[in-house]
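So the structure is just underneath, and the comments pick up after that.
The values are calculated or read from the model by the stated rules, or taken from the named source; none is laboratory data. What you are looking at is a predicted structure, and each value in this text was computed from that prediction instead of being measured. Quick reminder, even Gly has a Cβ in these numbers, built from the backbone with ideal geometry, and neighbours come from all protein chains shown.
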Amino acid sequence: MPAKTVTQRRRPTQDRAKATREHILDTAARLFGERGIANTSTNRIAAEAGVSIGTVYRYFSDRSVVVEELLRRLLESVERRLTQRAFVPGDTTTLELITRILEVVTAELVDNAKLVRALVAGVQFYNSGIPEFEPRLRLLVKVIVIQILGPGDDHQYDIATFVLLNTCFAAVLRASSLEVGPQERQEVLEMTAQMVTAWAERERAKDQTLRLWPPEK
């Protein structure tokens, strides 16, 4: 079944219009978290935001565009946090780097736990038809893979990215659940980081072995 084509509205340039658009998104995020996506109409969003339905449609052609924008905003916030807190200069072990990345992403999801739950329930993250979210997420993870493993084969990077994206994404979603307490959350992240580190060290060792003793042709 082909993915649904989503029509974007032009982004506002004036401060007042930007503020109105962000207020609508904030209201939608709250309502999605409280009621779920399927049970939240654009009319309800407009009423709760204190704007007309025409104002909502001025910025978003339908509810799916609101969902897409919230996903994009969430990913952009994750990217900012990673830049500010995870990718810092200085000597860092693989375990420290992976732990920090998982903690940063989990913290963002915990801050938006109700919305994330609604998005997981209401959006198929993979093959979702959301044109920008998945490639950006894959690229972000691939950059991390290259940083961990160093120079290597691009095809192997793609495979590792796919595996790590699914493994770590599942872990942080579990860790950021509303039902998970701080201690259990930290234990999940630490164990995931240890598993990823063990894999990375094995891959680096294997690559070094192949460099020293390449297979005979």
So which residues in region 109-144 are of a type in the set (Gly, Ala, Ser) and at pLDDT below 85, if there are any at all?
Ala121, Gly122, Ser128, Gly129
What's the total number of residues in region 12-65 that are over 20 Å from Leu109 (Cα atoms), modelled with pLDDT of 95 or more and of a type in the set (Asp, Glu)?
1
Would you check if there is a residue in region 97-117 being touching a Gly at 6+ places or on another chain (Cβ under 6 Å) and crowded, with 17+ Cβ neighbours inside 10 Å?
yes
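Mind telling me which of the residues Arg185, Arg202 ends up being basic (Lys, Arg), at pLDDT 85 or above and surrounded by fewer than 16 Cβ atoms within 10 Å (Cβ to Cβ)? Steps first, please.
Numbers: Arg185 fails: surrounded by fewer than 16 Cβ atoms within 10 Å (Cβ to Cβ).
That would be Arg202, the only listed residue that is basic (Lys, Arg), at pLDDT 85 or above and surrounded by fewer than 16 Cβ atoms within 10 Å (Cβ to Cβ).
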Which residues, taken from region 13-49, are surrounded by 13 or more Cβ atoms within 10 Å (Cβ to Cβ) and not in a helix (DSSP H, G or I)?
Gly36, Ile37, Thr40, Ser41
Considering region 156-169, residues that are surrounded by fewer than 16 Cβ atoms within 10 Å (Cβ to Cβ) and at pLDDT 85 or above, and then whichever is farthest from Lys142 (Cα to Cα), we arrive at Thr167
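Only one of Ser52, Ser61 is surrounded by 14 or more Cβ atoms within 10 Å (Cβ to Cβ) and more than 30 Å from Leu149 (Cα to Cα). Can you tell me which? Give the derivation first.
Numbers: Ser52 fails: surrounded by 14 or more Cβ atoms within 10 Å (Cβ to Cβ).
Being surrounded by 14 or more Cβ atoms within 10 Å (Cβ to Cβ) and more than 30 Å from Leu149 (Cα to Cα) holds for just one of Ser52, Ser61, which is Ser61.
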